[in-house]
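Read the figures in this text as sums done on the coordinates, not as results from a lab. In this text, all values refer to a predicted model and were calculated from it rather than measured experimentally. Neighbour counts run over all protein chains shown; Cβ positions are idealised from the backbone, glycine included.
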Amino acid sequence: MDWNLLRRLFLIGALIFSTSFPPSPALARGGDRPSNRTEWRDGLVFGRQLFEEENPSRITDDQIRGYMTNSELEGFVKDFGQRCRNISTIYSIGRSVRGIPLWVIEISDKPGEEEPEPSFKFIANMHGDEPVGRELLVRLANWLCDNYLKDPLATTIVENVHLHILPTMNPDGFSLRTRENANNVDLNRDFPDQFFPVNDIVDTRQPETKAIITWMKEKYFTASASLHGGALVVNYPWDGSKDTRKHYYECPDDKTFRYLAQIYSHSHHNMSLSSEFRDGITNGADWYPIYGGMQDWNYIHEGCFEWTVEISDLKWPKATELPKLWEYNRLSMLNIVASILKTRVHGRIFSSSTGHPLPASVLIKGNPIKINATTKLGSYHRLLVPGESYQITAAMSGFQSKTTEIHLRGNKGASLDFILDPLEEEAPLMNNLKNCDCDYAIGLHIFLVFCVFFLFMFYFFRKKLPFKSFIRPIKTSIV
Ligand SMILES: [Zn+2]
């Protein structure tokens with residue numbers, strides 16, 4: 001029996017069946033299965049392709065009516081930077097293949113300043129044909145600006161978090177109505193991978209990917225959500241499994257990821273009621289493994305917890321549905337940002353010798369993921385599920401590591417500063433001499449004692465004997 005032929009016939013049948021019915025008016029009914037089609041490249045399965053086989057021409061002019069164009073979005077960002085300048089600043093992290101700036105809005109009561117506060121980022125429209133996220137992020141920015149000092153949640157976020165919003169990571173894909181960027185590359189397969197060297201060549205990396213990587217290294221993000229479309233679920237690491245099979249592949253912070261993912265799904269209109277995904281959340285590799293994704297890269301390389309949030313079953317619903325989708329997701333988006341304040345241990349790290357902040361690393365016993373404190377303030381934020389005890393170590397080259405045990409109670413989080421002592425060889429020379437048993441130090445010590453003794457003897461005899469007689473030449477019979 002030709003299993004391949006049978007499989008293809010089944011998939012074609014399933015596709016025809018699934019497209020025979022008009023889309024449900026309930027845009028967020030939750031849990032439509034993605035296509036099972038997989039793509040083989042270099043022997044790896046690149047599977048997560050939600051309806052990506054859709055012919056771009058199927059996205060009609062009628063469908064895109066009511067969505068902001070790229071230039072309208074750029075205009076919005078610049079206007080927002082003026083209208084809400086008391087709580088925001090705007091900047092670009094780079095340009096797309098076609099040269100469109102990748103604009104970011106930063107929202108904070110001290111925008112653009114570095115503070116010992118966590119930074120959270122929202123990224124949308126990584127896939128060009130998934131535009132709902134960019135529209136929701138525009139609404140999120142407006143809502144925070146309009147409700148600051150009026151709504152407690154808005155005020156909490158503005159005053160305690162630096163929120164960075166990138167409404168479109170793939171503006172070229174949006175204008176082309178394609179999943180990929182203008183070079184026909186899926187940006188969510190373009191990041192370095194932990195298991196396979198699929199994207200290790202920096203020169204072939206796309207400009208949008210490079211911009212995100214540089215941005216990550218500058219900002220020390222604590223957490224992040226990347227908004228996608230085509231399903232209704234919060235997806236968390238790992239996205240790929242080592243053996244490329246589809247199964248639950250747990251990351252070291254699985255509990256914390258699940259805890260915060262549930263905050264999103266349970267704050268949503270109906271995501272947690274999904275018939276496909278229990279609680280409206282899923283481990284990425286358990287859904288379908290991908291390699292070169294942004295989510296795992298964030299977590300592994302920068303210690304930033306990222307969720308891939310599928311916010312609507314339809315990738316490109318009619319624009320008239322956007323207000324409803326915003327209402328369905330509004331509380332989820334606000335709650336996941338505010339929750340990082342309660343789901344963490346945080347503090348600052350200093351040097352005991354200079355008092356200066358240290359960009360040390362923070363590690364949890366039994367967990368290999370490292371969180372880096374900031375260079376300027378020595379500030380760190382480590383997400384951890386509440387209700388448990390943790391051994392936390394601050395470590396930095398040239399300093400003695402310190403470990404403390406804490407218990408995270410309820411919904412409060414914990415504050416924990418570290419003061420690290422320099423290692424002895426880093427201390428000044430005379431400090432070293434006190435404890436050093438090296439030959440050099442002993443020799444120097446003896447030499448100094450001998451010098452003091454010699455000077456003392458010199459002055460002692462000089463007083464006892466007239467100097468002249470002391471050096472009087474001996475008389476001889478020589479004349
Ligand atoms: Zn997507």
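When peptides 286-292, 81-87, 113-119, 253-259 are sorted by average Cβ neighbour count within 10 Å, with the highest value leading, the order is 286-292, 253-259, 113-119, 81-87.
Residue-wise HN-Hα couplings along segment 139-147, as the Karplus relation 6.51 cos²θ - 1.76 cosθ + 1.60 with θ = phi - 60° gives them from phi, are 5, 4, 4, 4, 5, 5, 5, 6, 10 Hz; Gly and Pro carry x.
If you take every DSSP beta bridge whose two residues both sit in segment 21-339, what share of them, in percent to the nearest 5, is antiparallel? If you can, show how the numbers build up before the last one.
Details: 17 of 36 bridges.
Approximately 45 percent, going by the DSSP bridge assignments.
Between amide H atoms placed 1.01 Å from N, distances below 5 Å from Gly347 occur with Tyr380, Leu416, all of them 5 or more places distant or on a separate chain. Residues whose amide H falls under 5 Å from that of Gln194, counting only those 5 or more places apart or on a different chain, are Gly292, with hydrogens built in the peptide plane.
Please compute the length gained on full extension between Thr393 and Asp254, using 0.36 nm multiplied by the number of residues separating them and subtracting their Cα-Cα distance. Please list the in-between numbers first.
Numbers: separation 139, 0.36 × 139 = 50.04 nm, distance 2.01 nm.
Stretched out fully, the Thr393 to Asp254 stretch lengthens by 48.0 nm.
Between amide H atoms placed 1.01 Å from N, distances below 5 Å from Val385 occur with Thr256, all of them 5 or more places distant or on a separate chain. Take the Cα pairs of segment 243-351, get the Kirkwood Rh, then feed it into Stokes-Einstein at 10 °C and 1.306 mPa s and tell me D in µm²/s. Rounded to a whole number, D works out at 101 µm²/s.
The HN-Hα couplings worked out from phi for segment 108-117 by the Karplus form 6.51 cos²θ - 1.76 cosθ + 1.60 (θ = phi - 60°) are 5, 6, 10, x, x, 9, 8, 10, x, 10 Hz, whole numbers, x standing for Gly and Pro.
Below 8 Å between Cα atoms, with a sequence gap of 6+, how large is the relative contact order for segment 344-426 in percent? List each step's numbers first, then the result.
Numbers: 193 pairs, mean separation 29.6, N = 83.
Computed over segment 344-426, the figure is 36 percent.
Our note on the geometry: Cα centres of segment 78-150 and segment 179-257, 21 Å apart. Debye-formula intensities of segment 21-339, expressed as log10 I(q)/I(0) at q = 0.08, 0.09, 0.14 Å⁻¹, are -0.32, -0.41, -1.08 (one equal scatterer per alpha-carbon, no solvent).
Coupling constants for segment 261-272 follow from the phi torsions by the Karplus curve (6.51 cos²θ - 1.76 cosθ + 1.60, θ = phi - 60°), and in residue order they are 4, 5, 4, 5, 5, 7, 7, 7, 3, 8, 4, 5 Hz; glycine and proline get x.
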